[in-house]
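*Asks:* Please see the structure below; I have some questions.
What follows draws every value from the coordinates through simple rules; no lab data is involved. Quick caveat, the model's predicted, so the values are computed rather than measured. Backbone-built Cβ (ideal geometry, glycine too); neighbour counts: all protein chains shown.
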Amino acid sequence: MMTMKPNRVRTIAICVFKKGGRIFVAEGYDPAKQETFYRPLGGRIEFGERGKEAIVRELREEINAEVTNIKYLGTLENIFTFNEEPGHEIVLVYEGDFADKAMYEKSLVTAYGGDGDMFSAVWKPLSEFGDLTPLYPEGLSDLLAKGGYSVKRDTRKL
């Protein structure tokens, strides 16, 4: 789900898809923290590629889905630790719609990361995210709340 180069800032684009009070997210696991977490799908922006173009390419690669109505929501800076390795990302956040409406009926989708690893993507209620069920990148819940999404506020301390 994530490949980081040491001491490099990675620029990524992610896309939020909503269905009622749920959003479509990849499920990840950090073995060092023993933590299951969630993040909207997307990935690295390639040189010469715009964020919207990265969303279209990444969703095709990960779940073989087409995306329409892509709208920019904001940018987040994400400094984190995953599996005891430091990471730093600039995250362009978009929202969009699936062209194939059948995607909204699937409860579980098998996805493939850039490194060939399989992971699951699910529709998860926004109300379930918080301290015990983190939604990453940090600050995404606040950004979504500003965009009119009904989100439970993250209570973790920085």
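*Asks:* With 22 Å as the limit, write out which pairs from K18/K101; K18/K146; K33/K106; K106/K146; K124/K146 have Cα-Cα distances beyond it, or answer none.
*Replies:* Working: K18/K101 12 Å; K18/K146 15 Å; K33/K106 29 Å; K106/K146 28 Å; K124/K146 19 Å.
Distance filter (> 22 Å) returns K33/K106; K106/K146.
*Asks:* A further question on this structure: For the stretch 10-146, report the % of Cα-Cα distances exceeding 20 Å. Could the numbers behind the result be given before it?
*Replies:* Working: 3949 of 9316 pairs.
Of all Cα-Cα pairs in the stretch 10-146, 42 percent lie more than 20 Å apart.
*Asks:* Can you tell which of L132, L144, L73 shows the greatest fluctuation in a Gaussian network model of the chain with Cα springs below 10 Å?
*Replies:* In the Gaussian network model the winner is L132.
*Asks:* Let me ask something else. Which value at 222 nm does the chain reach when only helices count, each DSSP H run of 4 or more adding -39,500 (n - 2.57), with the total divided by all residues and rounded to the nearest 500 deg cm²/dmol? List each step's numbers first, then the result.
*Replies:* On the way: 2 runs with 20 residues, N = 158.
My calculation for the chain gives -3500 deg cm²/dmol from helical runs alone.
*Asks:* Here's another thing I want to ask about it. Can you give the net charge of the other residues whose Cβ lies under 13 Å from the Cβ of E95, counting K and R as +1 and D and E as -1?
*Replies:* With Lys, Arg at +1 and Asp, Glu at -1, the neighbours total +4.
*Asks:* Related question: What list of ³J(HN,Hα) values in whole Hz, one per residue of the stretch 93-106 in order, does the Karplus curve 6.51 cos²θ - 1.76 cosθ + 1.60 (θ = phi - 60°) give from phi, with Gly and Pro shown as x?
*Replies:* 9, 10, 10, x, 10, 7, 5, 8, 5, 5, 4, 6, 9, 7
*Asks:* Can you sort R39, R57 by how many other beta carbons sit within 10 Å, fewest first?
*Replies:* Sorted ascending by nearby Cβ count, the order is R57, R39.
*Asks:* If the elastic network links every pair of Cα atoms under 10 Å, which of A99, A111, A26 fluctuates the most in the Gaussian network model of the chain?
*Replies:* Comparing A99, A111, A26 in a Gaussian network model of the chain, the most mobile one is A99.
*Asks:* Here is a follow-up. When DSSP beta bridges are limited to those with both residues in the chain, what percentage is antiparallel, rounded to the nearest 5?
*Replies:* Numbers: 36 of 44 bridges.
Counting only bridges with both partners in the chain, antiparallel ones make up about 80 percent.
*Asks:* Percent relative contact order of the chain, based on C-alpha pairs within less than 8 angstrom and at least six residues apart? The partial results should precede the final answer.
*Replies:* Details: 317 pairs, mean separation 43.8, N = 158.
So the answer I get is 28 percent.
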